[in-house]
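Structure first, then comments.
The values are calculated or read from the model by the stated rules, or taken from the named source; none is laboratory data. All values derive from a computational prediction rather than experimental measurement. All Cβ positions, glycine included, derive from the backbone under ideal geometry; neighbour counts span all protein chains shown.
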Amino acid sequence: MRDRIQALLDAYEIDEAISLLEGYRTGGGPMDDTLYYLLGNAWRKKGNWQMAMNNYLEAVSLNPDSPARQALDMAGEILDFYNKDMYNQ
């Protein structure tokens, strides 16, 4: 599953990756931190930062050492930068 999702993300088949992961999750498939991390990456690539961060948070709650920790920190820094920039217009 992980390799297929990563291949879809690498090929910019983002909607298909999200659909596959969401269907797996809602179908009762066991989601681990890596799958939540990949789902977060998919949402980030679509520009939906809230959904990306929600999935990164879920991954970190399952595994504090998940690579989602770095992705979550990065997303927070990016959003902080954008928000500060909005005040400077």
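Some notes on this structure:
- The range 62-75, subset at pLDDT 95 or above and over 11 Å from Y37 (Cα atoms), residue surrounded by the most Cβ atoms within 10 Å (Cβ to Cβ): P64
- Filtered residues of the range 8-19 (kept if assigned to a helix (DSSP H, G or I) and either of a type outside the set (D, E) or surrounded by 15 or more Cβ atoms within 10 Å (Cβ to Cβ) (or both)): L8, L9, I14, E16, A17, I18, S19
- Here I5, I78 are screened, and the one residue that is surrounded by fewer than 17 Cβ atoms within 10 Å (Cβ to Cβ) and of a type in the set (V, I, T) is I78.
- Odd one out for Q50 among (1) in a helix (DSSP H, G or I); (2) surrounded by 12 or more Cβ atoms within 10 Å (Cβ to Cβ); (3) under 14 Å from the mean Cα position of the chain (by Cα): (2)
- Residue in the range 72-83 that is in contact (Cβ under 8 Å) with a residue 12 or more places away in the chain and charged (D, E, K, R) present: no
- A single entry from E22, E58 fulfils the requirement of being in contact with a helix residue (DSSP H, G or I) (Cβ under 7 Å, 6 or more places away or on another chain) and either surrounded by fewer than 18 Cβ atoms within 10 Å (Cβ to Cβ) or in a helix (DSSP H, G or I) (or both): E58.
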